[in-house]
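Novice: Submitted below is the structure of interest, expressed as structure tokens.
The values are calculated or read from the model by the stated rules, or taken from the named source; none is laboratory data. None of the values given here were measured: they were computed from a predicted structure. All Cβ positions, even for glycine, are placed from backbone atoms using ideal geometry, and neighbour counts span all protein chains on display. Heads up: the accessible areas ignore ligands, DNA and RNA and are worked out on the full protein's heavy atoms, side chains in. Shrake-Rupley method; radii C 1.70, N 1.55, O 1.52, S 1.80 Å.
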Amino acid sequence: MIEIRDLTKAYGERRAVDGLSFRVAAGRVTGFLGPNGAGKSTTLRTVLGLDRPTAGEALIDGLPYQRLTEPLRRVGALLNAQAVHGGRTATGHLRWIAASHHLPARRIDEVLALVGLTDAAHRRIRTFSLGMRQRLGIAAALLGDPAALLLDEPVNGLDAEGIRWIRTLLRRLADEGRAVLVSSHLMAEMAQTADHLVVIGRGRLLADTSTAAFLTEHGRRRTRVRAVDPAALTALLAETHPAAVPLGDGGYDVPDADPGELGALAASRRVALVELSVTHDSLEEAFMRMTADTVEYRAVTA
Amino acid sequence: MSTYPLRAEWTKFTTLRSLWTTPLVAVALSAGITAAVQFAYGRTDTSLTEDPMEGLYFGLNFGQVAVVCLGILLIGQEYASGTLAGSLAAVPDRARFYRGKLLLGAALGLAVGLLTVAGQLAATAATVGLDLTAPGTWRALAAGVLYHPLLLVLCLALTTVLRNQTAALGLLSPLIFLGTTALTAIPGVREIAQFLPDRAGLYATRLHDAPDVHYGHGTGLLLMTLWTAIAAAAGQYALHRHDA
């Protein structure tokens, strides 16, 4: 288990991470979300002991990373898929990492097969696409068969097939009992992958909740209605639900309305409905609303 | 042992062509140029024969640039490619990581030194001949061997201080190749420049005393060792202090 306690990392006056606390539990995929510049990467680098925290700590099974005897067997990390030497082959890159922990050569073949790079094993990395580098980075993270995984924006550069592959892989790794932390700035992507969400903005914790609870809390429920006679529906809603939002095709989105009551109301007024359904705000909208105040760099409309 | 930094460093070295070819270039340049110059001018040019080590080590002036590059590349390529983060994730104890680098650097330098001096010695013996019984000859040969690991570790350590491969290459290679030689040519500066590490180390590889050098041959090697030790400590401090 990974535990981050009151973590603060300051660069001069600017606080990249500001009093952040959360846990990454075993057996589930935790999505680590925030707009670009929110402090996700800094947090991950601190967990790995690459950046020294200004205050607070990050612990792995109760120990700071530097005190782990064989760190790669505890934590596997992919921080930046581009941080590899292009002159090495995929195998060469994995060989030095394996050598640092005396891992068997067989393990290199295993992880290359797992990420689908067996055929590219002896190609130089400089010929790899970003997607292939992401796969290689994931192979490197899995080399020590670690109990916890930290992946920073792993879907960047992956095509649709690659994204589906990584989703399945993360699910499987979590089901094997590992703690999986995946950072992303894409809420929709995380909604489909993560069991739990940690949302930060400007280095501060905004939410630490299950994906389902996040959706219930932040994804506003709306009832969508459409009638045979749109004019009758308009008249009815103007009277009973002034907050209803017209959809342009005669239908309406009625926020926070119970579909049963709305249906009964329409029936009592003899308004024949052709559609009555419940929709939620997408996670992306909830995320945007939540982080709107914390987005660091915003285009200004003049 | 929990992690194996030296094993990892050796594997990094063998899996990257730009790394493992550099020591071969160093040996080939040093021995090759010495052989060519001794063959062509060894018997006629008195500047090469007056102090026989002048001719024997002629190729070293060129080969040492490859040694400097190897020292810089061993850690510089980690800064340039960004693999340092991965290296420190694998070996989080920075002192252990750094010791692995220094140890590999010293071992490679020693191997290059042995091969280089053996090559230069063979080339000199085959062309102009060398009196191995002349006083100081063995000291000068041993200093020639040791000059390589010292120079290599010095450059590795200074690159760690600079934390930038390009800056290190830009600064160190011209300095070693041209700079310190040029500095000793300026009368006033020579008084100070003779204490620079490569000058001091190279003085230990000569047979004859130079009248304007303020220290002995043995002390020269000691001076270079001292420089290298200071640089190694500074590198350790820089690595410890900065975020990776």
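Novice: Using only the alpha carbons, work out the radius of gyration and Dmax of segment A:52-203 in angstrom.
Specialist: 15.6, 46
Novice: Another question about this same structure. How shielded is B:73-82 by partner chains, expressed as the average number of their Cβ atoms within 10 Å of its Cβ atoms?
Specialist: Details: counts 0, 0, 0, 0, 2, 2, 0, 1, 8, 6.
Going residue by residue through B:73-82 and averaging, the value is 2.
Novice: Can you give the Rg to Rh ratio for chain B, taking only C-alpha atoms and Rh from Kirkwood?
Specialist: On the way: Rg = 18.5 Å, Rh = 18.5 Å.
Across chain B, the Cα-based Rg/Rh ratio is 1.00.
Novice: Would you work out the relative contact order for segment A:220-280, in percent, from Cα pairs under 8 angstrom that are 6 or more residues apart?
Specialist: On the way: 95 pairs, mean separation 32.9, N = 61.
Worked out over segment A:220-280, it gives 54 percent.
Novice: Using only the alpha-carbon atoms, how far is helix A:90-100 inclined from the longest principal axis of chain A? Give it as 0 to 90 degrees, nearest 10.
Specialist: It is inclined by approximately 70 degrees.
Novice: Quick one: pull the percent of accessible area on the protein assembly as shown belonging to carbon and sulfur, 1.4 Å probe, ligands and nucleic acids left out. Present the calculation step by step, with values, prior to reporting the outcome.
Specialist: Working: 14310 of 24040 Å².
Exposed carbon and sulfur together represent 60 percent of the surface.
Novice: In a shell of Cβ-Cβ distance under 13 Å around B:THR3, excluding B:THR3 itself, what net charge do Lys and Arg (+1) and Asp and Glu (-1) give?
Specialist: Values: positive: A:ARG67, A:ARG73, A:ARG74, B:ARG7, B:ARG94, B:ARG96, B:ARG99; negative: A:GLU70, B:GLU9, B:ASP93.
Local net charge: +4.
Novice: Something else now. Add +1 for every Lys or Arg and -1 for every Asp or Glu among the other residues with Cβ under 10 Å from the Cβ of B:ASP243, and state the total. Don't jump to the answer; show the numbers that get you there.
Specialist: Numbers: positive: A:LYS9, A:ARG45, A:ARG52, B:ARG241; negative: A:ASP51.
Residues close to B:ASP243 contribute a combined charge of +3.
Novice: Can you sort B:HIS208, B:HIS214 by 1.4 Å-probe accessible area, starting with the largest?
Specialist: Numbers: B:HIS208 90, B:HIS214 115 Å².
Sorted by accessible area, descending: B:HIS214, B:HIS208.
Novice: Just the number: Rg to Rh for segment A:220-280, Cα atoms, Kirkwood Rh, two decimals.
Specialist: Working: Rg = 10.0 Å, Rh = 11.1 Å.
Checking Rg against Rh, the ratio lands at 0.90.
Novice: Taking chain A as a Gaussian network, Cα atoms linked when under 10 Å apart, which of A:VAL115, A:VAL225, A:VAL199 shows the biggest mean-square fluctuation?
Specialist: Result: A:VAL225 has the largest fluctuation of those listed.
Novice: Mean separation of Cα pairs under 8 Å and 6+ residues apart, divided by the residue count of segment A:1-79: what relative contact order is that in percent? Each step should come with its number before you reach the end.
Specialist: Working: 120 pairs, mean separation 27.2, N = 79.
With pairs under 8 Å counted, the relative contact order is 34 percent.
Novice: Write down the percent of antiparallel bridges among all DSSP beta bridges whose residues are both part of chain A, to the nearest 5.
Specialist: Roughly 65 percent of the DSSP beta bridges within chain A come out antiparallel.
Novice: How many Cβ atoms of partner chains, on average, are near each residue of A:41-52 if near means within 10 Å of its Cβ?
Specialist: Working: counts 0, 1, 0, 0, 4, 1, 0, 6, 7, 8, 4, 5.
Averaged over the peptide's residues, the number is 3.
Novice: Here is a follow-up. Taking K and R as +1 and D and E as -1, what net charge do the other residues with C-beta under 11 Å from the C-beta of A:ARG220 add up to? Can you show the working numbers first?
Specialist: Details: positive: A:ARG221, A:ARG222, A:ARG289; negative: A:GLU217, A:ASP253, A:ASP256, A:ASP281, A:GLU285.
Local net charge: -2.
Novice: Taking the Cα atoms of the protein assembly as shown alone, what are Rg (to one decimal) and Dmax (as a whole number) in Å?
Specialist: 32.7, 120
Novice: Would you mind giving the average projected area, over all directions, of the Cα convex hull of chain A in nm² with one decimal? The partial results should precede the final answer.
Specialist: Details: hull surface 81.7 nm².
With the hull built on Cα positions only, its mean projection is 20.4 nm².
Novice: Do the sum for chain A: with -39,500 (n - 2.57) for every DSSP H run of n ≥ 4, divided by all residues, what is the mean residue ellipticity at 222 nm, to the nearest 500 deg cm²/dmol?
Specialist: Working: 11 runs with 107 residues, N = 302.
Taken over chain A, the calculation gives -10500 deg cm²/dmol.
Novice: Let me ask something else. Check the straight Cα-Cα distances from B:LYS101 and name the lysines below 22 Å, setting aside those fewer than 8 residues away within the same chain.
Specialist: Those lysines meeting the cut-off are B:LYS12.
Novice: Output the DSSP H helices from chain B with an along-axis C-alpha extent of no less than 27 Å and a mean Kyte-Doolittle hydropathy no less than -1.0.
Specialist: Passing helices, by number: B:17-41, B:60-81, B:94-127, B:137-162, B:217-241.
Novice: Counting only protein chains, not ligands or nucleic acids, how are B:VAL65, A:VAL198 ordered by accessible area (probe 1.4 Å), most first? Please list the in-between numbers first.
Specialist: Working: B:VAL65 35, A:VAL198 0 Å².
Largest accessible area first, the list is B:VAL65, A:VAL198.
Novice: If you average the C-alpha positions of segment A:147-208 and of segment B:27-98 separately, how far apart do those two centres end up, in angstrom?
Specialist: If you average the Cα positions of each part, the centres end up 47 Å apart.
Novice: Quick one: Cα centre-to-centre distance for segment A:37-70 and segment B:135-213, in angstrom?
Specialist: Their Cα centres are 41 Å away from one another.
Novice: Relative contact order (percent) for chain A, with alpha-carbon contacts under 8 angstrom and 6 or more residues of separation?
Specialist: On the way: 582 pairs, mean separation 65.2, N = 302.
Over chain A, the number comes to 22 percent.
Novice: Counting only DSSP beta bridges with both residues in the protein assembly as shown, what percent are antiparallel, rounded to the nearest 5?
Specialist: Numbers: 33 of 51 bridges.
Antiparallel bridges make up about 65 percent of those DSSP assigns within the protein assembly as shown.
Novice: Additional query: At R0 = 45 Å, how high is the FRET efficiency between A:GLU3 and A:ALA231 if r is their beta carbon distance? Nearest 0.05 is fine. Working shown, then result.
Specialist: Working: r = 60 Å, r/R0 = 1.33.
For R0 = 45 Å, the calculated efficiency reads 0.15.
Novice: Rg (Å, one decimal) plus Dmax (Å, integer) for the alpha carbons of segment B:137-244?
Specialist: For segment B:137-244, the Cα-based Rg and Dmax read 14.7, 48 Å.
Novice: In what order, largest first, do B:PHE58, A:PHE32 sit by accessible area if the probe radius is 1.4 Å?
Specialist: Working: B:PHE58 65, A:PHE32 0 Å².
Highest to lowest solvent-accessible surface, that is B:PHE58, A:PHE32.
Novice: Rounded to the nearest 100 Å², what is the buried accessible area between A and B, both sides summed, probe 1.4 Å? Don't skip to the end; give the middle numbers.
Specialist: Values: alone 14940 and 11520 Å², together 24040 Å².
Interface area, both chains combined: 2400 Å², rounded to the nearest 100.
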